[in-house]
Amino acid sequence: MGRRDYEDDPDAPAANSLVPAPTVVVVDGTGRILLQRRTDNGQWALPGGKMELGESLPHCAVRETREETGLEVELVGIVGTYSNPGHVFAYDDGEVRQEFSVCFLAHPVAGELAVSDESTDVQWFGADEVDTLPMVASTRKRVPGMHECRPQTRQQCNA
């Protein structure tokens, strides 16, 4: 299924859904950032996705990261919240989702990098490399925010 992102675009279709969807900035011990190349738009993106009934937003962030990248992560903070009503994602099936995301900061704790049915590539990138990658503007906004993250205890992040 394809996806098109619209941010503050007067030609964007009207939203018809609002779905909690965390994203995760995973940073390794050398400061590299984990990104995946999405199958639905060909752009590089942070791991993340739609929260399911019966799970918390932090649990969803950990699950989506594992499913999309092969890595288990520990959440260590919050990069920011993103809920711009002018930012929508239009899917081929007719859903037009208004952005509602909490972006977490995490460190890898186990696993091996692996692609999923949602990605064609998963790689680590230095902060200087990220600027040259094709990605939607909303993803690019989250990466600098990781340096301003307010660290929290594991219990607070997983509540």
Any residue in the range 55-62 that is touching a Gly at 6+ places or on another chain (Cβ under 9 Å), among the hydrophobic types (A, V, I, L, M, F, W, C), modelled with pLDDT of 95 or more and closer than 21 Å to residue 78 by Cβ?
yes
Small (Gly, Ala, Ser) and under 15 Å from the mean Cα position of the chain (by Cα): does that describe residue 137?
yes
Before we move on, is residue 37 at pLDDT 95 or above, basic (Lys, Arg), crowded, with 16+ Cβ neighbours inside 10 Å and closer than 24 Å to residue 132 by Cβ?
yes
So how many residues does the range 6-65 have that are among the polar types (S, T, N, Q), farther than 18 Å from residue 93 by Cα and in contact with a Lys or Arg (Cβ under 9 Å, 6 or more places away or on another chain)?
2
Show the residue pairs that are 6+ apart or on different chains and have beta-carbon atoms under 6 Å apart, the first residue being within the range 89-101 and modelled with pLDDT of 90 or more, the second being buried (at least 16 other Cβ atoms within 10 Å of the Cβ) and acidic (Asp, Glu).
none
Check on residue 25, surrounded by fewer than 21 Cβ atoms within 10 Å (Cβ to Cβ), in contact (Cβ under 8 Å) with a residue 60 or more places away in the chain, touching a strand residue (DSSP E or B) at 6+ places or on another chain (Cβ under 8 Å) and of a type in the set (Val, Ile, Thr)
no
All positions within the range 3-34 that are modelled with pLDDT under 95, assigned to a loop (DSSP other than H, G, I, E, B) and within 17 Å of the chain's Cα centre (by Cα)
19, 20, 21, 28, 32
Could you check the range 53-66 and list, in sequence order, the residues that are under 16 Å from residue 18 (Cβ atoms) and touching a helix residue (DSSP H, G or I) at 6+ places or on another chain (Cβ under 7 Å)?
none
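The values are calculated or read from the model by the stated rules, or taken from the named source; none is laboratory data. Since this is a predicted model, take the numbers as computed values, not measurements. Don't worry about glycine lacking a Cβ; one is built from the backbone with ideal geometry, like all the others, and counts go over all protein chains shown.
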